[in-house]
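Asker: Supplied in structure tokens, the structure appears directly below.
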Amino acid sequence: MRYREALNAALREEMERDPDVLLMGEDIGVFNGAFKVTAGLLDEFGERRVRDTPISENTIVGMGVGAAMTGLRPVVELMTINFSLLAMDQIVNHAASIRYMFGGQVKVPLVVRMPQGAGHQLGPTHSHSWEALYLHVPGLLVAVPTTAADAKGLLKSAIRDDNPVVFIEHEYLYGQRGEVPDDEDFTVRFGEAAIRREGSDVTIVGISRMALTAARAAKTLSEEHGIESEIIDPRTLRPLDLDTILTSVRKTNRLVIVEEGWPHGGVGANLAALVQEQAFDDLDAPIQRVTGADVPMPYSKPLEQIAFPHEPQVIDAVVATFKDRP
Amino acid sequence: MTEIVMPRLSDSMEEGTILKWLKADGDAVARGEPLAEIETDKATLTYESDAAGVLKIVAEAGDTLPIGSVIAHLDGDDGASTKAAAKPEAEPQPDEEQAAPAQPTTEAPPQPDAQADPSADSAPATPAEPPRPAAPPAGRREGRVKASPLARRLAREHGLDLQLVTGTGPGGRIVKSDIEQAAKHPPAPAPAETPAAPEAAAAPASTGAAAAPASPPTAVTETGTAKGDVTVQELTRVQGLIARRMAESRATIPTFELRTEIDMDACVALRAELKALGGDAPSYNDMVVKASALALREFPRANGSYRDGRFELYGRINVGVAVAATDALVVPTVFDADRKSLREIARETRALAERVRTQAVTPPELSGGTFTVSNLGMYGVTDFTAVINPPQAAILAVGALARRAVVGDDGELVARHTMSVTLACDHRILYGADAAEFLARIRALLERPLALAFS
């Protein structure tokens with residue numbers, strides 16, 4: 001099953017399971033969604049529960065917040081994470097804060113789904129990765145599924161959760177296939193990282209698509225450098241399964257963090273701080289970060305390709321924890 | 001050519017004695033090979049070469065030299081590179097060679113041959129590799145050692161001096177594997193006491209340093225005196241240190257002693273119970289160490305020093321445990337003894353005593369004590385007075401534990417396990433009443449030892 005189909009299955013199952021679940025977003029109904037995640041759902045569940053909206057992100061999310069406060073479980077789709085900046089007021093000032101502002105009397109069980117990621121020559125306004133922005137905000141849960149199974153399991157958990165969830169999908173991953181349990185009760189709990197590959201020499205934390213990039217790099221590192229990498233996919237950034245990462249670092253004594261977003265204030269910057277606070281005496285090398293380039297995403301294909309991490313950068317960073325760069 | 005200098009092997013080291021060269025003059029030496037055994041004020045350490053080359057010995061075995069003095073040279077094929085590493089800016093020519101091909105102003109395709117020396121005649125296709133850090137400078141390194149946090153922790157745990165470990169990580173950083181390597185060849189496994197008499201016969205004074213022995217030089221200098229033949233032994237550095245410190249203690253510290261009998265029945269019962277639980281049961285001495293440590297918490301001056309007209313009170317409670325070693329007495333330290341469990345103390349003192357016996361104990365393990373426990377009970381000594389280990393405030397001397405007749409509560413005679421302990425105190429910092437209370441606290445803790453087991 002493809003990642004997008006897994007998401008579609010999660011939405012369908014949860015809508016069947018709970019009549020309070022409804023979808024809102026641009027082109028999600030008649031057009032089946034910009035990335036076809038909501039395909040078929042309008043026909044199945046009707047216009048009351050699958051609502052096409054105008055191009056007005058702050059309003060769509062605001063409607064979601066209001067619906068969630070009344071007891072519904074809305075899932076809002078934004079066409080890309082880049083457009084979510086238009087809805088920052090609703091996401092940060094309202095969705096994330098309302099439960100606190102109302103002293104816990106109101107819940108906001110809202111899911112905001114949106115894809116991110118570079119590589120399609122869509123320029124800076126469509127290609128950025130902003131998990132770090134949402135990780136920054138207390139009150140939001142942040143999911144970054146990499147595999148089809150996790151996409152399904154995490155989305156089902158997100159819909160059932162009483163907290164607002166920022167659910168970050170990846171444009172490149174929509175077409176990726178993977179085994180997905182068709183059990184309707186299958187969910188993936190937030191705050192549980194997945195160890196994608198076991199290894200003894202270095203821990204690589206890969207966020208979203210970068211978990212796949214890291215896995216490919218791990219193969220080369222093993223074959224050509226004799227370095228066995230342990231690949232950890234955190235799956236959710238908040239809550240973060242820091243224990244799994246620390247346990248791995250205590251075993252390998254080295255950590256490389258790979259993310260598509262910008263370096264300053266990034267997920268890796270934050271994680272590096274947490275790890276050095278708690279495992280300083282277990283580190284045998286400085287923590288390395290592999291991040292997107294510190295520039296707005298270029299349109300030019302070659303420039304875009306070197307502006308986000310690929311295997312060679314991961315391999316270089318890992319090797320640099322063992323010896324001098326040539 | 002690389003100069004090898006007397007390394008600094010401990011914080012307090014000012015000079016060292018070359019006990020024995022492990023390589024002969026003219027031998028080829030590889031980096032990391034043991035070069036010499038060097039005795040410091042605290043221990044005997046094997047010094048490994050930081051560079052490769054042919055050894056030219058300058059200082060003979062037996063010589064005592066201040067740190068930094070040249071003890072040998074290493075000559076050889078890679079001599080140039082080692083020297084370049086030691087003094088990166090000393091040799092201008094190689095730099096120019098390296099730099100020339102990169103200079104954009106150099107005419108046309110740079111010809112390295114043009115200015116290279118004859119040895120570089122094999123038509124280099126590409127500019128030479130950038131100068132790589134060759135062997136690290138010989139001897140001790142200056143300044144902060146570059147080591148990973150993990151390597152630092154492991155070095156602490158192994159009692160290794162980072163100054164002596166060669167780093168192989170990026171930029172010469174000392175990493176875990178370097179420590180593991182160094183731990184496999186501990187720098188201290190000292191000579192398993194040179195057995196032979198022959199070399200002991202040479203008198204250092206008469207033969208210079210020629211056959212200088214590793215063990216204390218011994219010589220028969222006078223025969224047929226009224227006392228028979230006189231054998232003179234030079235002191236090892238450790239023996240010299242003991243002599244100096246003990247004399248200093250007796251001469252400068254106004255000492256008074258307090259003695260008490262401790263009812264050890266409860267400790268005997270506790271030990272039996274711990275033994276029944278399996279594993280290594282703590283010894284009575286471990287219990288004394290723990291009780292002292294807990295009592296020291298309540299009596300900060302007992303955990304201090306009188307120094308230069310002031311009291312120094314220490315934040316950590318580090319109890320030294322006197323251990324007899326070959327021809328010496330050393331006091332390895334149980335750091336933070338108040339915060340360690342009985343079993344931890346037991347395990348640690350056992351390991352330390354073993355390291356003392358095998359002479360593998362390292363200077364960091366012998367320093368930092370704030371109080372000392374000395375036990376001669378195992379020799380059947382009923383009680384004794386120990387000499388304060390300056391600048392500490394006190395030392396506790398522990399006698400033999402035995403069943404003795406005691407007058408019981410109802411006036412009848414009963415057999416109880418008792419033990420005599422003697423606290424020697426520096427009266428400049430620890431006064432009679434304080435010391436008595438401190439000692440009473442130790443006794444109370446040992447007579448009701450549950451606190452020892454549970455804190």
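The values are calculated or read from the model by the stated rules, or taken from the named source; none is laboratory data. Here the structure is a predicted model, which is why all the values come from computation and not from measurement. Please note: Cβ atoms are built from the backbone with ideal geometry, for glycine as well, and neighbour counts cover all protein chains shown. The area values use the complete protein model at the heavy-atom level, side chains included, leaving out ligands, DNA and RNA. Shrake-Rupley method; radii C 1.70, N 1.55, O 1.52, S 1.80 Å.
Asker: For segment B:242-326, list the strands (runs of 3 or more DSSP E) that sit wholly inside it and hold at least 1 residues that are under 20 Å from B:Ala435 (Cβ atoms); which are they?
Answerer: Counting at least 1 such residues, we get B:255-263, B:304-307, B:310-313, B:319-321.
Here is a yes/no grid of residues against (1) touching an Asp or Glu at 6+ places or on another chain (Cβ under 9 Å); (2) part of a loop (DSSP other than H, G, I, E, B):
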| residue | (1), (2) |
| --- | --- |
| A:Ser129 | yes, yes |
| A:Ala132 | yes, no |
| A:Asn163 | no, yes |
| A:Val166 | yes, no |
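Asker: Six or more apart or on different chains, Cβ under 8 Å: which pairs go from a residue in segment A:1-17 that's open to solvent by 10 Å² or more (accessible area, probe 1.4 Å) to one that's of a type in the set (Ser, Thr, Tyr) and not in a helix (DSSP H, G or I)? Could you list them?
Answerer: Pairs found: A:Asn8/A:Thr38.
Asker: If you take the residues in segment A:262-311 that are in contact with a Ser or Thr (Cβ under 7 Å, 6 or more places away or on another chain) and within 14 Å of chain B (Cβ to nearest Cβ), which one is nearest to A:Ala214 (Cα to Cα)?
Answerer: Top of the filtered list is A:Gln288.
Asker: If B:Arg343 passes every condition in (1) crowded, with 16+ Cβ neighbours inside 10 Å; (2) out of contact with any helix residue (DSSP H, G or I) (no Cβ under 7 Å at 6 or more places or on another chain); (3) assigned to a strand (DSSP E or B) but one, which one does it miss?
Answerer: Among (1) crowded, with 16+ Cβ neighbours inside 10 Å; (2) out of contact with any helix residue (DSSP H, G or I) (no Cβ under 7 Å at 6 or more places or on another chain); (3) assigned to a strand (DSSP E or B), the lone unmet condition for B:Arg343 is (3).
Asker: Give the residue, chosen from A:Asp43, A:Asp27, that is surrounded by fewer than 20 Cβ atoms within 10 Å (Cβ to Cβ) and outside any loop (DSSP other than H, G, I, E, B).
Answerer: None of the others qualify; the one that does is A:Asp43.
Asker: Okay, next question. Any chance you could count how many residues in segment B:265-312 are over 30 Å from the mean Cα position of the chain (by Cα) and surrounded by fewer than 19 Cβ atoms within 10 Å (Cβ to Cβ)?
Answerer: 11
Asker: Could you pull out the residue among A:Ala68, A:Ala118, A:Ala87, A:Ala95 that is touching a helix residue (DSSP H, G or I) at 6+ places or on another chain (Cβ under 9 Å), without any contact (Cβ under 8 Å) to a residue 40 or more places away in the chain, open to solvent by less than 10 Å² (accessible area, probe 1.4 Å) and among the small types (Gly, Ala, Ser)?
Answerer: The unique qualifying residue is A:Ala87.
Asker: Taking B:Ala415 as meeting all but one of (1) of a type outside the set (S, T, N, Q); (2) at pLDDT below 95; (3) part of a helix (DSSP H, G or I), write down the number of the exception.
Answerer: (3)
Asker: Restricted to segment B:327-340, and to residues that are part of a loop (DSSP other than H, G, I, E, B) and either of a type outside the set (Phe, Trp, Tyr) or not assigned by TED's automatic domain parsing to the domain that holds B:Met287 (or both), which residue is most open to solvent (accessible area, probe 1.4 Å)?
Answerer: So the residue we want is B:Asp327.
Asker: Yes or no: A:Val256 touching a helix residue (DSSP H, G or I) at 6+ places or on another chain (Cβ under 7 Å), within 16 Å of A:Gly206 (Cα to Cα) and within 14 Å of chain B (Cβ to nearest Cβ)?
Answerer: Yes; evaluated as a whole, the condition is true for this residue.
Asker: Quick test for you: out of A:Thr236, A:Thr247, pick the one residue that is buried (at least 21 other Cβ atoms within 10 Å of the Cβ) and either in contact with a Pro (Cβ under 8 Å, 6 or more places away or on another chain) or of a type in the set (Ser, Thr, Tyr) (or both).
Answerer: A:Thr236
Asker: Given the criteria of a type in the set (Val, Ile, Thr), modelled with pLDDT of 90 or more and closer than 19 Å to B:Asp434 by Cα, does B:Thr333 qualify?
Answerer: When the stated conditions are applied, B:Thr333 does not pass them.
Asker: Then there is this: Scan segment B:355-375 for residues that are in a loop (DSSP other than H, G, I, E, B) and β-branched (Val, Ile, Thr) and jot them down.
Answerer: Those that are in a loop (DSSP other than H, G, I, E, B) and β-branched (Val, Ile, Thr): B:Thr358, B:Val361, B:Thr362, B:Thr370.
Asker: I'd like the full set of residues that are part of a helix (DSSP H, G or I), more than 8 Å from chain A (Cβ to nearest Cβ), modelled with pLDDT of 85 or more and under 22 Å from the mean Cα position of the chain (by Cα), limited to segment B:158-180.
Answerer: Within segment B:158-180, B:Leu162, B:Asp178, B:Ile179, B:Glu180 meet the criteria.
Asker: Could you please let me know if A:Asp316 is within 14 Å of another protein chain (Cβ to nearest Cβ), more than 21 Å from A:His136 (Cα to Cα), open to solvent by 40 Å² or more (accessible area, probe 1.4 Å) and not polar (S, T, N, Q)?
Answerer: Here the answer is yes, as A:Asp316 does meet what is asked.
Asker: Could you check, for segment B:377-387, whether at least one of its residues is touching a helix residue (DSSP H, G or I) at 6+ places or on another chain (Cβ under 8 Å), under 13 Å from B:Val334 (Cα atoms) and open to solvent by less than 30 Å² (accessible area, probe 1.4 Å)?
Answerer: Checked against the condition, which is being touching a helix residue (DSSP H, G or I) at 6+ places or on another chain (Cβ under 8 Å), under 13 Å from B:Val334 (Cα atoms) and open to solvent by less than 30 Å² (accessible area, probe 1.4 Å), segment B:377-387 yields no hits at all.
Asker: On to the next question. For segment B:203-219, check the following and say yes or no: at least one residue is in a helix (DSSP H, G or I), at pLDDT 85 or above and surrounded by fewer than 18 Cβ atoms within 10 Å (Cβ to Cβ).
Answerer: Scanning segment B:203-219, I find no residue that is in a helix (DSSP H, G or I), at pLDDT 85 or above and surrounded by fewer than 18 Cβ atoms within 10 Å (Cβ to Cβ), so the answer is no.
Asker: Regarding A:Glu224, is this residue out of contact with any helix residue (DSSP H, G or I) (no Cβ under 9 Å at 6 or more places or on another chain), in a helix (DSSP H, G or I) and either of a type in the set (D, E, K, R) or within 14 Å of chain B (Cβ to nearest Cβ) (or both)?
Answerer: In short, no.
Asker: Checking the structure you have, find out if any residue of segment B:385-406 is outside any loop (DSSP other than H, G, I, E, B) and free of Cβ contacts under 8 Å to residues at least 12 places away in the same chain.
Answerer: yes
Asker: When you scan segment A:130-157, how many residues do you find that are within 10 Å of A:Ser208 (Cα to Cα) and open to solvent by less than 20 Å² (accessible area, probe 1.4 Å)?
Answerer: Looking only at that region, the number is 5.
Asker: Test A:Asp316 against the criterion of being touching a strand residue (DSSP E or B) at 6+ places or on another chain (Cβ under 9 Å) and part of a helix (DSSP H, G or I), and give yes or no.
Answerer: yes
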